[in-house]
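Taken together, the values in this text are just the output of simple stated rules run on the coordinates, not laboratory data. Treat the numbers as computed from the prediction; the structure is a model and nothing was measured.
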Amino acid sequence: MALTAQQKQILREKFASGQIVLSKREDKMTQSFRASVDRSIRRKQRNNHPVARYDIAARRAYLEYPDGSRRYVDTV
């Protein structure tokens with residue numbers, strides 16, 4: 001059975017919000033991954049390196065600098 005676009009969107013939102021967890025192990029792996037990403041971002045900011053982020057509303061990637069300024073990345 002194929003899912004409609006609306007059903008897929010609902011599932012994506014539930015996964016993103018943590019309402020759906022596939023298993024306890026998946027949950028622990030996800031927590032570990034997120035903690036690792038957070039550490040990496042803090043290390044970059046501490047060393048005055050920009051952090052790559054994505055603006056969902058504008059649908060564009062940008063670099064966020066330690067002073068809080070943003071520079072949107074132009075696509076080719």
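Numbers below:
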{"item": "Cross-link reach list, aspartates and glutamates versus K28, counting only Cα pairs under 20 Å and skipping chain neighbours closer than eight places", "result": "E13, D38"}
{"item": "In degrees, nearest ten, helix 5-17 long axis to first principal axis of the chain (Cα)", "result": "60 degrees"}
{"item": "Global size of segment 21-72 as Cα Rg and Dmax, reported in angstrom", "result": "14.1, 39"}
{"item": "Additional length obtainable on full extension of the chain from D38 to V51, 0.36 nm per residue less Cα span", "result": "3.6 nm"}
{"item": "Straight-distance crosslink candidates among aspartates and glutamates, where the alpha carbon sits under 18 Å from K14 and sequence neighbours closer than 8 are dropped", "result": "E26, D27"}
{"item": "Mean Cα-pair separation over length for segment 1-71, i.e. relative contact order, pairs under 8 Å, 6 or more apart, %", "result": "15 percent"}
